[in-house]
1. Under a Cβ-Cβ cut-off of 15 Å, what is the net charge of the residues other than PRO182 that fall near it, where Lys and Arg count +1 and Asp and Glu count -1?
2. Excluding TYR262 itself, calculate the net charge of residues whose Cβ lies under 9 Å from the Cβ of TYR262, where each Lys or Arg counts +1 and each Asp or Glu counts -1.
3. At a 1.4 Å probe, what is the % contribution of carbon and sulfur to the accessible area of region 279-424?
4. Mind giving me the FRET efficiency for THR53 and PHE240? R0 is 35 Å, r the Cβ-Cβ distance, nearest 0.05 is fine.
5. Using the basic label-point model (7 angstrom from Cα toward the beta carbon), what is the ASN375 to ALA247 distance in nanometres?
6. In what sequence, highest mean first, do 351-361, 123-133, 372-382 appear when ranked by Cβ atoms within 10 angstrom?
7. Provide the FRET efficiency to the nearest 0.05 for the GLU452-ALA191 pair, computing r from the beta carbons and using R0 = 41 Å.
8. If one computes the Cα centroid of region 344-397 and of region 167-198, what distance in Å separates the two points?
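The values are calculated or read from the model by the stated rules, or taken from the named source; none is laboratory data. Being a predicted model, the structure only gives us computed values, none of them experimental. Note: ideal-geometry Cβ built from the backbone for every residue, glycine included; neighbour counts use all protein chains shown. These area figures cover heavy atoms from the full protein model, side chains too; ligands, DNA and RNA do not enter into them. Shrake-Rupley method; radii C 1.70, N 1.55, O 1.52, S 1.80 Å.
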Amino acid sequence: MALMLGGGGLVAANVYASATEGWGDGSGANGTGHVLSAGMATIYCPDVGSRLTTVPDAARPEVDRELALLDRQTAEAYRQLQQSGQGGGQESGSVDATIMNPLKDQRAATIGRIADAIDRTGERPQGLDAMAACTLRPGGDGASAGPQSTATPSPGAQPGGAGQGGNGPVVSDYADITSVPPAAPNPPQQADASRGSFTSDCGVNANGLFNSDNVIVAPGVSNGAHHFHDYVGNQGNNAFASDDDLANAGTSCVDKGDKSSYYWPVLRLQNGTQERDAGSPGGGTEGNAGQIVTPKQVTLTFTGNPRGKVTAMPRLLRIITGDAKAFVNGPGNANASWSCTGYEDRQLKDKYPLCPPGSDVVRSFRFQSCWDGRNIDSANHRTHVAFTAPDGSCPAGFQAIPQLVERIVYDVKAPSLQDGGRTVPLFAVDSFPEQLHKPVTDHGDFINVFDEDLMRQLVDCINSGRTCGSAGDQPGTTASPTASSGSGATASPSASSGSGSTATSSPGSGAAEQPTATATVTSAPAPSATQPGELPRTDATVTPDRTTAPDRHTTAPDDGTPQQDHRTGKHRTAEPDRSTAPAPPTPSSTPAPARPAPTQSVAAQSVPTQPAPAQTTAAGYVPPTPAQPQPQGTHGALAETGAHLWPAALGSLLAMSGLIMLLRARRLRY
């Protein structure tokens, strides 16, 4: 009996060990399971692009290429810094000689070419030479507030780093959303306010269209972003897309008159997953590692102005909100907003939210809504648009345009900070490598490719106070949010009956603009075709339960019929989504529960256990700790199989022991 029990236990233990073997590789956690949360060294280089407010049109292509080269030089210097031990393994003089001084020389040459290019067709910019030198910012600057460890990280992580890519996130990048005070109320609307809203349903990028380009900032430059973007709407956006390419491309939007491009950095789980970009520029080679998470919902809403009417956006208008380099540049252009469903009156700007059980992570972007009336872009991609003042007024010479509000929801759990994300993985957005995946670097990009007729309808809808878009026109229903009893959260107003739309409260932003709550239509995952040049998905796609949300508009960019690729001229046929992951129901409105009920995510643990009471520490909300940690795995993974073999093995052993005892009893009788 003892031999049987020992052998059975050994088999089960081997299955469990095999299921979890290698999980920690690249996780950035040490042997004790605690994340290495000491501050990491990074490199600060002055942002030359922000100084170039006037660049002649003829010089812009060359200037854009040289600015992209500056980013590439910084990324390479940061990689060398990581390999040298985050600046802590060498004397400062050695780091200066091998990394910082060569970087300064490279930047000086590049900046000189930028000045020459502008000088040939305009007035030579002054003061750029002083921006060549970069600064080494050592770690340990108080950025860490969580559990400390100085042990060597697990294989695959960089020395002194954290997260799967070795360059963040760290424990201090997270905060308990319930400890955040509610935001100030929106400014009152005046009599002439444009109170309507228009929603465009463009899906959640369930087809997995990614690249590390940025056609706004670095046109014609591959990997100009140095991190991967999610794309919804226009399906032809890459570094080489011309205006005609964008106009002729397909769209994932329900209304095919909206071919606009909406994109933002992907969110990843630091769970040891090796995505297909693990060895690619913009991905793992630049510290952007882990499982890319498909959003649960994406809501794209255009709202009005609290003081007056709005005018149409010009076609091909480009807007960038937030600053991808805000960690080293400072918060001047930062516009990140992080929250949780049920708590969206509370916004975090420089922390990722730790959401209570049953609450989802929410990213929101509020774009600039004042336009200079002349330019669809500017040299620094900022001066042609502006935010409103606190009272809703635009700067002199600017006019109000519809404000794009993006709300992106993710079904990810609060990381287990007490064990460095080993039980429940850390999550973070992609970033430039030297920005260390800080939440303040979150940003969004938009290119307006609306049909002119649809844009006129959008403006008329907003100015007339109606709620329009993919769900159809409705009378004006701008509602005021009410507090949810016992939660301290702002509740979402009710959606119109049978409309298929959901009304959400204003998430708030770091800028002065805070439009009122409006009815919106959420997008849920949908199966779709693989697009040319995309990064194929490797994780299961969660699709909505259409039996519980019959009115939800969920669409894929292709319907399976042959379509012509706008770049190659060849036809392609959409393939159906073959994901076997179960489809959990997607709620049709944003909950504001007093006691949210736990939900199960795709990457959730396979075997439910009785949790211990939740705790709140200095590092923020700590999820309940299971009685026995379960392996993290997707459905059908070996981790799940091993977890389920425990009760099966025990039952088999008990049955066999009973059979032996019965046979022995029979022998004694005879």
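1. Once all neighbours under 15 Å are counted, the net charge is -1.
2. Working: positive: none; negative: ASP230, GLU406, ASP445.
Net of charged neighbours comes to -3.
3. Working: 2030 of 3780 Å².
Exposed carbon and sulfur together represent 54 percent of the surface.
4. Numbers: r = 26 Å, r/R0 = 0.75.
Efficiency at R0 = 35 Å is approximately 0.85.
5. 2.2
6. Working: 351-361: 23.3, 123-133: 13.4, 372-382: 16.6.
Result, highest mean first: 351-361, 372-382, 123-133.
7. Numbers: r = 29 Å, r/R0 = 0.72.
That pair, GLU452 with ALA191, gives E of 0.90.
8. Measuring centre to centre over Cα atoms gives 10 Å.
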